[in-house]
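A short write-up of the structure that comes next.
The values are calculated or read from the model by the stated rules, or taken from the named source; none is laboratory data. Treat the numbers as computed from the prediction; the structure is a model and nothing was measured. Cβ sites come from the backbone with ideal geometry, for glycine too, and all protein chains shown count toward neighbours. Only protein heavy atoms, including side chains, enter the accessible area calculation; ligands, DNA and RNA are left aside. Shrake-Rupley method; radii C 1.70, N 1.55, O 1.52, S 1.80 Å.
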Amino acid sequence: MSSSILLGRLTDPNAHALDMLKHEPIVLYTVISIGVIGALVLAAITLMGWWKPLWRNWITTVDHKRIGIMYIILAIVMLVRGFADAIMMRTHQAMAFVDTAAMTSPETAKLAAESAGFLDSDHYSQIFTAHGTIMIFFMATPMLFGIFNYIIPLQIGARDVAFPFLNNLGFWITFAGAILINISLGLGAFARGGWLNYAPYSDIIHSPGTGTDYYLWSLQLSGIATTIGAVNFIATIMTMRAPGMSMFKMPVFTWTSLVSNILILMIYPPLTVVFILLALDRYAGAHFFTNDGQGNPMLYVDLVWVFGHPEVYVLVLPAFGILSEIVPNFSHKRLFGYTSMVWATLVILILSFIVWGHHFFTMGGGTAVNTVFAIATMIIAIPTGVKVFNWLFTMYKGRISFEPPMLWAMGMIFTFVGGGLTGVLLSIVPADWQIHNSAFLVAHFHHTIIGGVVFSYLGGLAYWFPKVFGVKPNRALGIASFWCWFIGFHVAFYPIYYVGLEGITRRLQHFTDPGLQPALITAMIGVFIIALGIICFVLQVLGVIVYGFRHRGKLPVQDNDSWGAGRSLEWATSSPPPAYNFATIPTVHTTDAFWDMKQSGHVRQTTGFHKIHMPSNTAAGFWAGMLLVALGFGLVWHIWWLVAVTFVGTIAVIIAHSFLGNEDGYYIPAEEVQKTEDELTAFLTHKGATA
Ligand code: HEM
Ligand SMILES: [Cu+2]
């Protein structure tokens, strides 16, 4: 070991700091392009003099709406990042066929296998790990948190979240995690152990490089941020609802968000613990998960799935919530079975804790244990089915308008039911013994996570887009995006079920049976169709950015009820909403609070506003985030002085914020509230006059 005090193991040849850059042209070119594009963006910001507004309006903001947008931008960037990995894997797999059986010696077979396709096995392992990890922790979770942030306070008629500073801090810690894990692209390597990095493969003997350490510390950051966020959202929903909004008058999206955050609060601590234990194994020679020293790798698998299974419900329950908002809106009917929807959510909350064992039926738990987990898993299909039927009954005899959000919702129902069915199939223990860890499993969970989670989130973004910006995104692009995702998904993943049943295991870098190549080529074509869907979506977002520039960042106020059939409170305030959300906090009488206001001829207040109290901006979250990137970097590369300095620094920043920060907030004067509200009044008067 040749560690230096100043640079830790950066200088240690065994740590392979620059190997990927030197030997993988793909990595080299990616890093160069990121560098060039990054430099151009920074130069543009400097030339346009945007640093000040960026700092004041975004980086230091505590406004839940702006933080929500920042989460979603992070998620979109990470979606492109994770998708680039997916496209590489599927293109590689479509090419990677070698008949190793025909080779004369094991050495030539090994060489031939390594040269199959364009990714060697080491790089392939890094890519599937990067794809899975980034998609779950830095794409899906931040996108969810973006939607939570933007929508929850508006839906419950609140002016912000309960702890605005924690919200800002949480975002910057998530951002820090995303930066840290992506540094591994250029310096060191990504982990190779899959998205959950099972021990003992992830211990120091089998994974001596820096990849697992990057993984551990960036996921710790993501975990802390997610937990902080959950505390915040639970407090917000429990304490800040508009007067009259009892629990059973909350919109279903708020309900599912509450349950999702309760889940987070219960499952992220085990994840934090399991990563601390693995870090102790790796850094301090402990033996929690090693085979020698009386450790037990099964402990890792158990703990990690105590987190991992409920995590998919963390992601999918709010997706169900989003659907429960979209379907009534575009069917022009109230949601069928509100109460059963809520109870089904609560039943899933309980059940999701007692099914984690279905991830290791083959690891020797025995018949009794497996049976319990199998039955619990099958039972989850019941409350989920209740939800699906509720959406169908809502649509039944409704006047359906096929706007993009509704297309996503219908596409979700169709696709998610398919994925759910193959999940029930996997829960049958003898079947699972055959297809465990096969490509069939890969197809199953993408079926639920793309069909269930991604479709719903993209539908949610399409649905709330006009709320956020005042304008609807380009409709043709929206429809094209949906169809590309929908068709692309089915073309990309049905062949994967098939190759799985044919015996292909997951995480394979090359194949030997040429009969399977057509299936993998088809799958690759599907992925390219999905790519078109992503391009259409990004174009929609760019369209709005251009629109924003044209209005010099101050978007004109438009119709509050963008789709004309809004039912919950977010549609009661203008689009985009003012900083304070509601000039007068609405009083709630029924579940569909805004619908009720419209029906009962509620008259909007137009004069006599009061000053409104708001929380102040803070730079503490940003600085804490930046220090944490350095702290993680120090831990990965064993630069102990950096660890000490940044650890103390982070705590100092938080303490400084608590004692020196402006906790008193400020007031928006009544005149300014009046001016802002007049904009919506003017719009509505104009609309009324022309209608
Ligand atoms: C958009 C299209 C997507 C495609 C084409 C795709 C493709 C793939 C491929 C090829 C693998 C590796 C399979 C293997 O070799 O075992 C994989 C694994 C995985 N994907 Fe995706 N994926 C997509 C989207 C997503 C999304 C949206 C998520 C989650 C939100 C996700 C989560 C995962 C996870 C967790 C793994 C497992 C990684 C591991 O083996 O540890 N994927 N995906
Ligand atoms: Cu599970």
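Figures for the structure shown
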{"read-out": "Conditions (1) farther than 20 Å from Ile181 by Cα; (2) in contact with a Gly (Cβ under 6 Å, 6 or more places away or on another chain); (3) not hydroxyl-bearing (Ser, Thr, Tyr): number failed by Val31", "value": "(1)"}
{"read-out": "Neighbours by Cβ (under 7 Å, 6+ apart or cross-chain): first from region 343-359, more than 15 Å from ligand 2 (Cβ to nearest atom); second polar (S, T, N, Q)", "value": "Thr345/Thr256"}
{"read-out": "Output for region 482-514, where each listed residue is modelled with pLDDT of 95 or more and on the phi > 0 side of the Ramachandran plot", "value": "Arg507"}
{"read-out": "The listed residue being in contact with a Phe, Trp or Tyr (Cβ under 7 Å, 6 or more places away or on another chain), under 30 Å from Val327 (Cβ atoms) and open to solvent by less than 20 Å² (accessible area, probe 1.4 Å), out of Ile237, Ile267", "value": "Ile267"}
{"read-out": "Number of the exception - Ile400 against (1) hydrophobic (A, V, I, L, M, F, W, C); (2) in contact (Cβ under 8 Å) with a residue 60 or more places away in the chain; (3) assigned to a helix (DSSP H, G or I)", "value": "(3)"}
{"read-out": "Out of Val653, Val643, sole residue that is surrounded by 16 or more Cβ atoms within 10 Å (Cβ to Cβ), within 28 Å of the chain's Cα centre (by Cα) and not in a strand (DSSP E or B)", "value": "Val653"}
{"read-out": "Residue that is in the same structural domain as Asp281 (by the TED database) and surrounded by fewer than 22 Cβ atoms within 10 Å (Cβ to Cβ), where the choices are Leu346, Leu317", "value": "Leu346"}
{"read-out": "Residue within region 185-200 that is over 24 Å from Leu627 (Cβ atoms) and over 24 Å from the mean Cα position of the chain (by Cα) present", "value": "yes"}
{"read-out": "Complete set of residues in region 591-604 that are among the hydroxyl-bearing types (Ser, Thr, Tyr) and surrounded by 15 or more Cβ atoms within 10 Å (Cβ to Cβ)", "value": "Thr591"}
{"read-out": "Those residues of region 450-497 which are within 16 Å of ligand 2 (Cβ to nearest atom) and among the aliphatic types (A, V, I, L, M), in sequence order", "value": "Val453"}
{"read-out": "Test: residue in region 373-393 that is among the charged types (D, E, K, R), assigned to a helix (DSSP H, G or I) and either under 23 Å from Phe307 (Cβ atoms) or more than 16 Å from ligand 1 (Cβ to nearest atom) (or both)", "value": "yes"}
{"read-out": "Residue match in region 579-594 (condition: assigned to a helix (DSSP H, G or I) and under 30 Å from Pro243 (Cβ atoms))", "value": "yes"}
{"read-out": "Single residue of Ala624, Ala682 found to be surrounded by fewer than 17 Cβ atoms within 10 Å (Cβ to Cβ) and farther than 30 Å from Met247 by Cα", "value": "Ala682"}
{"read-out": "So Thr522, is it without any contact (Cβ under 8 Å) to a residue 40 or more places away in the chain and assigned to a loop (DSSP other than H, G, I, E, B)", "value": "no"}
{"read-out": "Check on Leu216, assigned by the TED database to the domain that holds Thr256, open to solvent by 10 Å² or more (accessible area, probe 1.4 Å) and not acidic (Asp, Glu)", "value": "no"}
{"read-out": "Number of the exception - Thr367 against (1) more than 25 Å from the chain's Cα centre (by Cα); (2) under 27 Å from Ala492 (Cα atoms)", "value": "(2)"}
{"read-out": "Some residue of region 376-395 being modelled with pLDDT under 95, open to solvent by 40 Å² or more (accessible area, probe 1.4 Å) and away from ligand 2 (no atom under 15 Å from the Cβ)", "value": "no"}
{"read-out": "Within region 363-375, considering residues that are within 16 Å of ligand 2 (Cβ to nearest atom) and open to solvent by less than 50 Å² (accessible area, probe 1.4 Å), the one nearest to Gly419 (Cα to Cα)", "value": "Ala374"}
{"read-out": "Pair list, Cβ < 7 Å and 6+ apart or interchain, from region 2-23 residues that are outside the structural domain of Gly632 (by the TED database) to residues that are at pLDDT below 90 and open to solvent by 70 Å² or more (accessible area, probe 1.4 Å)", "value": "Asp12/Met1"}
{"read-out": "Whichever residue in region 111-122 is within 17 Å of Arg507 (Cα to Cα) and touching a helix residue (DSSP H, G or I) at 6+ places or on another chain (Cβ under 8 Å) and, among such residues, is surrounded by the most Cβ atoms within 10 Å (Cβ to Cβ)", "value": "Leu119"}
{"read-out": "Search result, residues across region 200-254 that are of a type in the set (Ser, Thr, Tyr), part of a loop (DSSP other than H, G, I, E, B) and closer than 30 Å to Thr587 by Cβ", "value": "Ser246"}
{"read-out": "Selection within region 162-198 - aromatic (Phe, Trp, Tyr) and closer than 28 Å to Asn437 by Cα", "value": "Phe190, Trp195, Tyr198"}
{"read-out": "Of all residues making up region 537-581, the number that are on the phi > 0 side of the Ramachandran plot and open to solvent by less than 30 Å² (accessible area, probe 1.4 Å)", "value": "1"}
{"read-out": "Flag if Thr607 is assigned by the TED database to the domain that holds Pro466 and either surrounded by 16 or more Cβ atoms within 10 Å (Cβ to Cβ) or touching a Phe, Trp or Tyr at 6+ places or on another chain (Cβ under 7 Å) (or both)", "value": "no"}
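Per-residue answers, yes or no, for (1) surrounded by fewer than 16 Cβ atoms within 10 Å (Cβ to Cβ); (2) modelled with pLDDT of 95 or more; (3) within 16 Å of ligand 2 (Cβ to nearest atom):
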| site | (1), (2), (3) |
| --- | --- |
| Ile26 | yes, no, no |
| Leu42 | yes, yes, no |
| Leu47 | yes, yes, no |
| Pro53 | yes, no, no |
| Lys65 | no, yes, no |
| Tyr71 | no, yes, no |
| Leu79 | no, yes, no |
| Ala86 | no, yes, no |
| Met89 | no, yes, no |
